[in-house]
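One structure is given here, and the rest of the page talks about it.
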Amino acid sequence: MQLSIDHAGPTPPYEQLRAQIAEQARAGALPAGLKLPTVRALAEQLGLAANTVARAYRELEADGVVETHGRRGTLVAAVGDTAHRLASTAANEYAERVHRLGLDRDEAQAAVTGALDLVYGGLGRS
């Protein structure tokens with residue numbers, strides 16, 4: 001597992017760690033079932049506080065990228081299926097919520113497009 005943290009960069013260290021592990025899991029560089037280092041061991045290796053690594057692991061678990069199994073440790077989950085399932089659930093919850101709020105389909109899609117543009121870098125559309 002290749003990880004590096006830019007301590008002087010604008011992105012918080014926990015987010016750098018979360019993003020790198022998630023990307024490596026998605027790309028298959030971290031196969032499903034691989035046991036990740038303990039929070040303490042990885043913190044020591046990267047020169048981070050244990051709480052920083054723990055936060056990254058918690059967010060990865062919430063995103064379905066890893067699974068924590070107590071004494072067995074933190075393992076890489078089967079990311080593809082989990083990520084698509086979680087995205088589908090979030091999309092369904094969004095659709096139901098905007099419908100209850102009274103937005104029409106075009107307004108709901110515009111809100112999604114705006115949010116995606118912010119996260120992924122938009123094409124300058126308004």
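Here the dipole of the chain is about 440 debye; that uses its Cα centre as origin and unit charges on the Cβ of Lys and Arg (positive) and Asp and Glu (negative).
Could you give the angle, 0 to 90 degrees to the nearest 10, between helix 105-120's Cα long axis and the longest principal axis of the Cα atoms of the chain? Result, in degrees: 30. Each of Gln24, Thr89, Gly114 was placed along the dipole of the chain (beta-carbon charges, centred on the mean Cα), and the one lying farthest toward the positive end is Gln24.
Consider a paramagnetic label point 7 Å from the Cα of Glu15 along Cα→Cβ; state which residues of region 87-119 have an amide N under 16 Å from it. Hits in region 87-119 for Glu15 at 16 Å: 116-119. Counting only protein heavy atoms and a 1.4 Å probe, the chain has 68 square angstrom of accessible area per residue. Only one item in [x] 0.93; [y] 1.06; [z] 1.01 matches Rg/Rh (Cα atoms, Kirkwood Rh) derived from the coordinates shown, and that item is [y]. Proximity of backbone amide H atoms, modeled 1.01 Å from N, is registered between Leu30 and Ala25 at under 5 Å, excluding neighbours fewer than 5 places apart on the same chain.
Counting only protein chain heavy atoms and rolling a 1.4 Å probe, the accessible areas of Arg18, Arg40, Arg55, Arg97 rank, largest first, as Arg40, Arg97, Arg55, Arg18.
In the chain, helical runs assigned H by DSSP with n ≥ 4 each contribute -39500 (n - 2.57); averaged across all residues and rounded to the nearest 500, the mean residue ellipticity at 222 nm is -19500 deg cm²/dmol. For the chain, the relative contact order comes to 20 percent (Cα pairs under 8 Å, sequence separation of at least 6).
Backbone amide hydrogens, once placed in the peptide plane, bring Thr74 within less than 5 Å of Leu36, His69, excluding anything fewer than 5 places away on its chain.
The values are calculated or read from the model by the stated rules, or taken from the named source; none is laboratory data. Predicted model, so just to flag it, every value in this text is computed and none were measured. When we count neighbours, we look across all protein chains shown, and the Cβ atoms used for this are built from the backbone with ideal geometry, even at glycine. Only protein heavy atoms, including side chains, enter the accessible area calculation; ligands, DNA and RNA are left aside. Shrake-Rupley method; radii C 1.70, N 1.55, O 1.52, S 1.80 Å.
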